[in-house]
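As structure tokens, the structure follows; a few thoughts come after it.
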Amino acid sequence: MSAQETEHASGQAPASTGRRTFLKGSAAIAAAPAVLTSRKSGAQTAGFPASPPVQPWAEELPAQITPIQPVASLDPAPTVSANLAAGECGRGDHQRFAELASNPVHYVLRARENPAWVFNPAYPPQPVWGWSGTPATSTDSGPTKGKGGGGKGGPKKNPPPVASDVTAPGPTFFARYGQPVVVRIINELPQNHVGFGSPEISTHLHNAHTPSESDGFPGDYFSASKAGPTLTMPGAWRDHFWPNVYAGLDEFGGIGDPREALGTCWYHDHTMDFTAPNVLKGLVGFYLLFDDLDSGDERDPNPAALRLPSHPYDYPLVFGDKRFDADGMLFYDQFDPDGVLGDQVCVNGKIQPVLRVARRKYRLRLLNGGPSRFYALSLVDPNFVLRPFTYIANDGNLLPAPVANMTTIDFGPAERADIVVDFSAYPIGTELYFVNRRIQTETRRYDGLTGTGTRVLKIVVDRNPPEADLSRVPATLRAMRPVSAEEIAAAPVRRWDFDRSNGQWTVNGKLFDLFRASASVRRGSAEVWEFVNNDDGWVHPVHMHFEESRLLSKRVQGVDLPVPLHERGRKDVYHLPRGPNTVLRVFVRFRDFTGKYVMHCHNLIHEDHAMMVRFDITS
């Protein structure tokens, strides 16, 4: 083991550039893409050939999703402190575990390679990284014990890494506020991996109200042989405690303030320096949260329930940009700070798939999974005539009221949009398309809109539903906690400049240092954060971990603009347009948990190249 490897295993590694330098020269990168030439920022995409043509509408998405199922128990049982003897990595202690983890639901999630994923029949089967949510039995749910696994009792075999068990995106969780969850995440990625990506993982549940040690801090990556610099030792697995509580526990008691609920969350890898390639390879999945208001049951007898379209008519869709070489194999340049703009758009891991729907209302949960493309998605008929829908949630947060007759979803990497489409307006046999009308030829920014756009998903209305559609879209959705002028005036203001310095991505002129907190805030406090872009070339989707916040004002190139209706709810990703003199002001509270968190650009290559800051919440 080299000195640098020893530093990482012992938790004493330097900042992120040290790990990138080490891996760049290692065997793990031997098969990285050959296109590693430097390019000027403005001409980045021109250096890559176009992906080969695909066979459109040849792959079908399932008519309904199948949620991951819990396991009866975890062996060994979860503990407050890391179970190092049984092979768990050296994480921090679970916060408020005795208080909030009464009778948790247990899940197992395995990070694995699928050796034969098919993006499109025109491309060859190829390896991706994804998730398996099916343990060997309901109780045989731990990692392999014995050699390499730690613990006693002899070896316990894992289920074989069968390709059909591993999906990218991974399985969808149906969770509920007030019902805590412990997810045992097991890293079974190939440690002899070559090519882009890194086979350590740190899983972030974006953007639930989660204690720091289970948030997926970038330095908390692990495998059986390596530990991130903010862990104490390696391990084959890690228990994540997701308490499923609203923000405001200390202020309101119970499980917090229900006005702070999220609905559409997602989990994804957040490994320091390698988030973009690891997400590109498939380490993403949906985590849907329900409560008494947004109950996930359109037949709910509770008069307070919204009765929005529910499973199986509640359907998550993740959009991701990818690029393929002349042989149809996925590739990525993880060392160029400009990244790679994908020219193929995958929807739930497939290129130009088909989704068949019934003649009734659907809730479609749309996620821009990145790594770099911005979208303006519209629903159109075969003649590219725009078809309306109702916008109900942004970044997983229900709006105070629905926005009807919308025709475009304009969102950047990591942003989410929940919409309701009433397919009963269309006769059986109708074909519709989601098209991307956003013009973008380089990772640095996007241009205007095209009238037609590129078709990325075909929807076929092919049947009548077997039962009456009892779903609805009420005139009011979820109330928001008011933010008074007095609160805003009393809040300290922090300024965060997103910039490019000497070819590197910086915040306030500095590269990410995972050991240094750029801000220290007291639990229970509130602040105004200003996100600033004075660069006239780049746009940034800015993401703050842990807390939703409110967009107070938007100034773009010196002009004060009204906040659009769909951005007036609570958010965790802010689309920061190019400058100069572009400033977004947001109001944020810091509640209930302490520890280390990050704020960063969610154009993932920017994040990997150090456009990120650590902030600490203190007692």
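The values are calculated or read from the model by the stated rules, or taken from the named source; none is laboratory data. Here the structure is a predicted model, which means the values were calculated and not measured. When we count neighbours, we look across all protein chains shown, and the Cβ atoms used for this are built from the backbone with ideal geometry, even at glycine.
Structure data summary
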{"quantity": "Qualifying positions in the stretch 490-500 - loosely packed, with under 15 Cβ neighbours inside 10 Å and either in a loop (DSSP other than H, G, I, E, B) or acidic (Asp, Glu) (or both)", "calculated": "492"}
{"quantity": "Qualifying residue in the stretch 266-288 (condition: assigned to a loop (DSSP other than H, G, I, E, B), among the β-branched types (Val, Ile, Thr) and at pLDDT 95 or above)", "calculated": "yes"}
{"quantity": "Residue match in the stretch 547-564 (condition: more than 23 Å from residue 394 (Cα to Cα) and in a strand (DSSP E or B))", "calculated": "yes"}
{"quantity": "Verdict on residue 444 being surrounded by 14 or more Cβ atoms within 10 Å (Cβ to Cβ) and in the same structural domain as residue 335 (by TED's automatic domain parsing)", "calculated": "yes"}
{"quantity": "Some residue of the stretch 571-586 being farther than 25 Å from residue 375 by Cβ, buried (at least 21 other Cβ atoms within 10 Å of the Cβ) and in contact with a Pro (Cβ under 6 Å, 6 or more places away or on another chain)", "calculated": "no"}
{"quantity": "From 292, 300, residue being assigned to a loop (DSSP other than H, G, I, E, B), over 15 Å from residue 173 (Cβ atoms) and in contact with a helix residue (DSSP H, G or I) (Cβ under 9 Å, 6 or more places away or on another chain)", "calculated": "292"}
{"quantity": "Any strands (runs of 3 or more DSSP E) falling wholly within the stretch 328-402 and containing at least 1 residues that are more than 22 Å from residue 414 (Cβ to Cβ)", "calculated": "354-358, 361-370, 375-380, 389-394"}
{"quantity": "Residue 505, sole failed condition from (1) modelled with pLDDT of 95 or more; (2) buried (at least 22 other Cβ atoms within 10 Å of the Cβ); (3) not in a loop (DSSP other than H, G, I, E, B)", "calculated": "(1)"}
{"quantity": "Qualifying residue in the stretch 469-489 (condition: surrounded by fewer than 17 Cβ atoms within 10 Å (Cβ to Cβ), without any contact (Cβ under 8 Å) to a residue 12 or more places away in the chain and on the phi > 0 side of the Ramachandran plot)", "calculated": "no"}
{"quantity": "Residues of the stretch 579-609 satisfying the condition of being farther than 11 Å from residue 543 by Cβ, at pLDDT 95 or above and of a type in the set (A, V, I, L, M)", "calculated": "583, 584, 586, 588"}
{"quantity": "Helices (runs of 4 or more DSSP H) completely within the stretch 1-112 that count 2 or more residues being of a type in the set (A, V, I, L, M, F, W, C), on the phi < 0 side of the Ramachandran plot and at pLDDT below 50", "calculated": "3-9, 16-24"}
{"quantity": "The stretch 212-236, subset part of a loop (DSSP other than H, G, I, E, B) and within 17 Å of the chain's Cα centre (by Cα), residue surrounded by the most Cβ atoms within 10 Å (Cβ to Cβ)", "calculated": "221"}
{"quantity": "Condition met for residue 323 (surrounded by fewer than 19 Cβ atoms within 10 Å (Cβ to Cβ) and among the basic types (Lys, Arg))", "calculated": "no"}
